[in-house]
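Worksheet: the structure to be examined is printed underneath.
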Amino acid sequence: MSLSVTKIKALFGLKLRLIISNMSLMTAPIMAILYVVFMKSIMQSKAPSHVALISLLLGMGLCFNIVMGGIMMTSYPLAEEKEHHTLRVLMTSSITGPEFFIGSLLPPLAIMTVTNLILVPLSGASWSQIHLGNFLLITIITSITSLVLGYIIGLIANSQTQAGVYSIPMMLILSLIPNFEQFNTTLKSFSSYLYSSTLNHYITASYTTGGFSWTLREVLTQLGWLVITCGIFFYAYRRHGLDND
(Lines give C-alpha, C1' and ligand atoms only; values in the text may rest on other atoms or scores of the structure.)
Protein backbone atom coordinates (compact mmCIF):
# COMPACT_ATOMS: atom_id res chain seq x y z
CA MET A 1 0.00 0.00 0.00
CA SER A 2 1.49 3.37 -1.04
CA LEU A 3 1.53 6.29 1.38
CA SER A 4 0.71 9.85 0.40
CA VAL A 5 3.24 12.29 1.86
CA THR A 6 0.88 15.19 1.14
CA LYS A 7 -1.93 13.61 3.18
CA ILE A 8 0.45 12.76 6.04
CA LYS A 9 1.78 16.35 6.09
CA ALA A 10 -1.75 17.76 6.12
CA LEU A 11 -2.78 15.44 8.94
CA PHE A 12 0.46 16.25 10.80
CA GLY A 13 -0.32 19.98 10.75
CA LEU A 14 -3.91 19.40 11.84
CA LYS A 15 -3.00 17.08 14.70
CA LEU A 16 -0.16 19.34 15.86
CA ARG A 17 -2.52 22.32 16.17
CA LEU A 18 -5.15 20.24 17.94
CA ILE A 19 -2.69 18.87 20.50
CA ILE A 20 -1.07 22.23 21.26
CA SER A 21 -4.47 23.88 21.70
CA ASN A 22 -5.73 21.09 23.99
CA MET A 23 -4.46 21.75 27.51
CA SER A 24 -5.51 18.31 28.77
CA LEU A 25 -3.18 16.69 26.22
CA MET A 26 -0.38 19.13 27.02
CA THR A 27 -0.62 18.32 30.74
CA ALA A 28 2.28 15.85 30.74
CA PRO A 29 4.88 18.06 28.96
CA ILE A 30 3.90 21.07 31.06
CA MET A 31 3.91 18.99 34.27
CA ALA A 32 7.36 17.61 33.40
CA ILE A 33 8.81 21.11 32.95
CA LEU A 34 7.13 22.50 36.08
CA TYR A 35 8.22 19.50 38.14
CA VAL A 36 11.88 19.95 37.17
CA VAL A 37 11.83 23.70 37.81
CA PHE A 38 9.97 23.43 41.13
CA MET A 39 11.88 20.47 42.56
CA LYS A 40 15.22 21.95 41.54
CA SER A 41 14.43 25.18 43.42
CA ILE A 42 13.60 23.37 46.67
CA MET A 43 16.08 20.45 46.54
CA GLN A 44 19.22 22.03 45.11
CA SER A 45 20.74 22.54 48.56
CA LYS A 46 19.34 19.32 50.08
CA ALA A 47 20.31 16.71 47.50
CA PRO A 48 23.08 14.31 48.64
CA SER A 49 24.98 14.90 45.37
CA HIS A 50 24.74 16.66 42.03
CA VAL A 51 24.31 13.32 40.25
CA ALA A 52 21.50 12.26 42.61
CA LEU A 53 19.70 15.56 42.00
CA ILE A 54 19.98 15.28 38.20
CA SER A 55 18.87 11.64 38.29
CA LEU A 56 15.81 12.59 40.33
CA LEU A 57 14.88 15.67 38.29
CA LEU A 58 15.64 14.51 34.77
CA GLY A 59 14.54 10.92 35.36
CA MET A 60 11.12 11.86 36.71
CA GLY A 61 10.70 14.67 34.17
CA LEU A 62 11.39 12.33 31.25
CA CYS A 63 9.04 9.68 32.67
CA PHE A 64 6.23 12.21 33.04
CA ASN A 65 6.71 13.45 29.50
CA ILE A 66 7.43 10.18 27.70
CA VAL A 67 5.16 7.75 29.53
CA MET A 68 2.22 9.96 30.47
CA GLY A 69 2.49 12.26 27.46
CA GLY A 70 2.96 9.46 24.95
CA ILE A 71 0.03 7.40 26.17
CA MET A 72 -2.32 10.36 26.61
CA MET A 73 -1.54 12.07 23.29
CA THR A 74 -2.54 9.05 21.22
CA SER A 75 -5.15 7.23 23.32
CA TYR A 76 -7.35 10.19 24.22
CA PRO A 77 -7.71 11.76 20.73
CA LEU A 78 -8.27 8.38 19.06
CA ALA A 79 -10.92 7.36 21.60
CA GLU A 80 -12.57 10.78 21.30
CA GLU A 81 -12.68 10.56 17.49
CA LYS A 82 -14.21 7.08 17.72
CA GLU A 83 -16.74 8.33 20.27
CA HIS A 84 -17.84 11.23 18.05
CA HIS A 85 -17.52 9.20 14.84
CA THR A 86 -15.25 11.80 13.23
CA LEU A 87 -12.98 9.01 12.01
CA ARG A 88 -15.63 8.05 9.48
CA VAL A 89 -15.21 11.45 7.85
CA LEU A 90 -11.43 10.93 7.60
CA MET A 91 -11.82 7.45 6.15
CA THR A 92 -14.24 8.69 3.48
CA SER A 93 -11.73 11.39 2.49
CA SER A 94 -9.42 8.65 1.13
CA ILE A 95 -6.98 8.78 4.08
CA THR A 96 -5.84 5.22 4.76
CA GLY A 97 -5.25 3.66 8.16
CA PRO A 98 -1.41 3.75 7.92
CA GLU A 99 -1.50 7.40 6.78
CA PHE A 100 -3.78 8.25 9.70
CA PHE A 101 -1.55 6.59 12.28
CA ILE A 102 1.71 8.02 10.90
CA GLY A 103 0.24 11.52 10.62
CA SER A 104 -1.15 11.21 14.15
CA LEU A 105 2.05 9.78 15.68
CA LEU A 106 4.56 12.34 14.40
CA PRO A 107 3.07 15.47 16.09
CA PRO A 108 3.17 14.11 19.66
CA LEU A 109 6.60 12.59 18.99
CA ALA A 110 7.87 16.03 17.91
CA ILE A 111 6.34 17.74 20.98
CA MET A 112 7.77 15.12 23.34
CA THR A 113 11.24 15.30 21.76
CA VAL A 114 11.39 19.10 22.06
CA THR A 115 10.24 18.86 25.69
CA ASN A 116 12.87 16.20 26.44
CA LEU A 117 15.59 18.48 25.06
CA ILE A 118 14.32 21.38 27.18
CA LEU A 119 14.41 19.24 30.34
CA VAL A 120 18.17 18.63 30.08
CA PRO A 121 19.38 22.22 30.76
CA LEU A 122 16.48 22.83 33.16
CA SER A 123 17.58 19.89 35.32
CA GLY A 124 21.19 21.12 35.40
CA ALA A 125 22.48 18.18 33.36
CA SER A 126 25.48 18.69 31.09
CA TRP A 127 25.38 17.75 27.41
CA SER A 128 29.02 16.71 27.69
CA GLN A 129 27.91 13.98 30.11
CA ILE A 130 24.51 13.13 28.65
CA HIS A 131 25.61 12.92 24.99
CA LEU A 132 23.00 14.04 22.47
CA GLY A 133 23.10 10.93 20.26
CA ASN A 134 22.39 8.46 23.07
CA PHE A 135 19.82 10.82 24.56
CA LEU A 136 17.83 11.11 21.33
CA LEU A 137 18.06 7.38 20.59
CA ILE A 138 16.79 6.30 24.01
CA THR A 139 14.10 8.96 24.36
CA ILE A 140 12.74 8.47 20.82
CA ILE A 141 12.56 4.66 21.17
CA THR A 142 10.79 4.89 24.54
CA SER A 143 8.52 7.65 23.19
CA ILE A 144 7.43 5.53 20.22
CA THR A 145 6.69 2.61 22.56
CA SER A 146 4.50 4.87 24.73
CA LEU A 147 2.71 6.26 21.67
CA VAL A 148 1.95 2.76 20.37
CA LEU A 149 0.65 1.77 23.82
CA GLY A 150 -1.64 4.79 23.63
CA TYR A 151 -2.85 3.68 20.20
CA ILE A 152 -3.69 0.23 21.59
CA ILE A 153 -5.75 1.79 24.39
CA GLY A 154 -7.44 4.13 21.91
CA LEU A 155 -8.39 1.22 19.66
CA ILE A 156 -9.83 -0.81 22.52
CA ALA A 157 -11.64 2.04 24.31
CA ASN A 158 -15.01 3.24 23.08
CA SER A 159 -14.84 6.68 24.72
CA GLN A 160 -12.32 9.16 26.10
CA THR A 161 -13.45 8.36 29.64
CA GLN A 162 -12.82 4.66 29.07
CA ALA A 163 -9.40 5.45 27.61
CA GLY A 164 -8.56 7.36 30.79
CA VAL A 165 -9.58 4.42 32.96
CA TYR A 166 -7.36 2.07 30.95
CA SER A 167 -4.44 4.52 30.78
CA ILE A 168 -4.02 5.60 34.40
CA PRO A 169 -2.83 2.27 35.92
CA MET A 170 -0.36 1.76 33.07
CA MET A 171 0.99 5.32 33.33
CA LEU A 172 1.49 5.01 37.10
CA ILE A 173 3.33 1.69 36.81
CA LEU A 174 5.60 2.75 33.96
CA SER A 175 6.45 6.22 35.33
CA LEU A 176 6.68 5.72 39.11
CA ILE A 177 8.23 2.28 39.61
CA PRO A 178 11.53 3.09 37.78
CA ASN A 179 11.94 6.17 39.99
CA PHE A 180 11.24 4.29 43.24
CA GLU A 181 13.23 1.14 42.47
CA GLN A 182 16.13 2.31 44.63
CA PHE A 183 14.00 1.98 47.76
CA ASN A 184 12.98 -1.67 47.32
CA THR A 185 14.74 -4.69 45.84
CA THR A 186 11.46 -6.19 44.59
CA LEU A 187 10.62 -2.96 42.76
CA LYS A 188 14.12 -2.88 41.30
CA SER A 189 13.78 -6.43 39.98
CA PHE A 190 10.35 -5.68 38.46
CA SER A 191 11.52 -2.33 37.07
CA SER A 192 14.30 -3.98 35.07
CA TYR A 193 11.63 -5.41 32.76
CA LEU A 194 10.07 -2.00 32.04
CA TYR A 195 11.20 -0.02 29.00
CA SER A 196 10.97 3.22 30.98
CA SER A 197 13.60 2.05 33.49
CA THR A 198 16.32 2.54 30.85
CA LEU A 199 15.84 6.32 31.16
CA ASN A 200 16.97 6.39 34.80
CA HIS A 201 19.80 3.91 34.25
CA TYR A 202 21.04 5.98 31.31
CA ILE A 203 21.09 9.23 33.32
CA THR A 204 22.88 7.69 36.32
CA ALA A 205 25.40 5.78 34.19
CA SER A 206 26.20 8.91 32.15
CA TYR A 207 27.81 10.40 35.26
CA THR A 208 29.93 7.38 36.12
CA THR A 209 33.54 6.99 35.03
CA GLY A 210 32.80 4.58 32.20
CA GLY A 211 29.69 6.42 31.03
CA PHE A 212 26.57 4.80 29.63
CA SER A 213 26.77 1.75 27.40
CA TRP A 214 23.98 -0.48 26.18
CA THR A 215 23.73 -3.82 27.94
CA LEU A 216 22.19 -6.87 26.29
CA ARG A 217 19.35 -6.79 28.82
CA GLU A 218 18.48 -3.18 28.02
CA VAL A 219 18.62 -3.78 24.26
CA LEU A 220 16.36 -6.82 24.56
CA THR A 221 14.00 -4.93 26.89
CA GLN A 222 13.62 -2.01 24.49
CA LEU A 223 13.25 -4.20 21.39
CA GLY A 224 10.94 -6.60 23.21
CA TRP A 225 8.57 -3.87 24.33
CA LEU A 226 8.59 -2.21 20.90
CA VAL A 227 7.98 -5.46 18.99
CA ILE A 228 5.31 -6.72 21.41
CA THR A 229 3.42 -3.42 21.54
CA CYS A 230 3.49 -3.14 17.74
CA GLY A 231 2.26 -6.72 17.48
CA ILE A 232 -0.62 -6.06 19.90
CA PHE A 233 -1.41 -2.85 18.04
CA PHE A 234 -1.71 -4.62 14.67
CA TYR A 235 -3.86 -7.31 16.26
CA ALA A 236 -6.13 -4.70 17.91
CA TYR A 237 -6.31 -2.76 14.64
CA ARG A 238 -7.38 -5.85 12.71
CA ARG A 239 -9.86 -6.83 15.41
CA HIS A 240 -11.40 -3.44 16.24
CA GLY A 241 -10.51 -1.22 13.28
CA LEU A 242 -10.62 2.56 13.53
CA ASP A 243 -14.35 2.70 14.08
CA ASN A 244 -15.94 -0.41 15.55
CA ASP A 245 -19.54 0.79 15.47
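The values are calculated or read from the model by the stated rules, or taken from the named source; none is laboratory data. These figures come from a predicted structure and were not determined experimentally. Reconstructed Cβ throughout: ideal geometry from the backbone, glycine too, with neighbour counts over all protein chains shown. To get the accessible areas, we keep the full protein, side chains included, count just its heavy atoms, and leave off ligands, DNA and RNA. Shrake-Rupley method; radii C 1.70, N 1.55, O 1.52, S 1.80 Å.
So the values come out like this:
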{"item": "Options 196, 191: the member that is within 19 Å of residue 219 (Cα to Cα) and in contact with an Asp or Glu (Cβ under 7 Å, 6 or more places away or on another chain)", "result": "191"}
{"item": "Qualifying residue in the stretch 150-163 (condition: open to solvent by less than 40 Å² (accessible area, probe 1.4 Å), of a type in the set (Phe, Trp, Tyr) and outside any helix (DSSP H, G or I))", "result": "no"}
{"item": "Which numbered condition residue 173 fails, given (1) out of contact with any Ser or Thr (no Cβ under 7 Å at 6 or more places or on another chain); (2) surrounded by 17 or more Cβ atoms within 10 Å (Cβ to Cβ); (3) under 23 Å from residue 69 (Cβ atoms)", "result": "(2)"}
{"item": "Qualifying helices (runs of 4 or more DSSP H) (wholly inside the stretch 1-105; at least 3 residues being open to solvent by less than 70 Å² (accessible area, probe 1.4 Å), modelled with pLDDT of 85 or more and touching a helix residue (DSSP H, G or I) at 6+ places or on another chain (Cβ under 7 Å))", "result": "5-21, 27-43, 50-63, 70-83"}
{"item": "In the stretch 150-175, the residues that are in contact (Cβ under 8 Å) with a residue 60 or more places away in the chain and closer than 19 Å to residue 60 by Cβ", "result": "167, 170, 171, 174, 175"}
{"item": "Residue list for the stretch 214-233, filter: of a type outside the set (A, V, I, L, M) and open to solvent by 60 Å² or more (accessible area, probe 1.4 Å)", "result": "214, 215, 217, 225"}
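Each row is one residue, and each column tells you yes or no for (1) at pLDDT 85 or above; (2) assigned to a loop (DSSP other than H, G, I, E, B).
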site	(1), (2)
168	yes, no
175	yes, no
189	no, no
208	no, yes
220	yes, no
230	yes, no
234	yes, no
239	no, no
245	no, yes
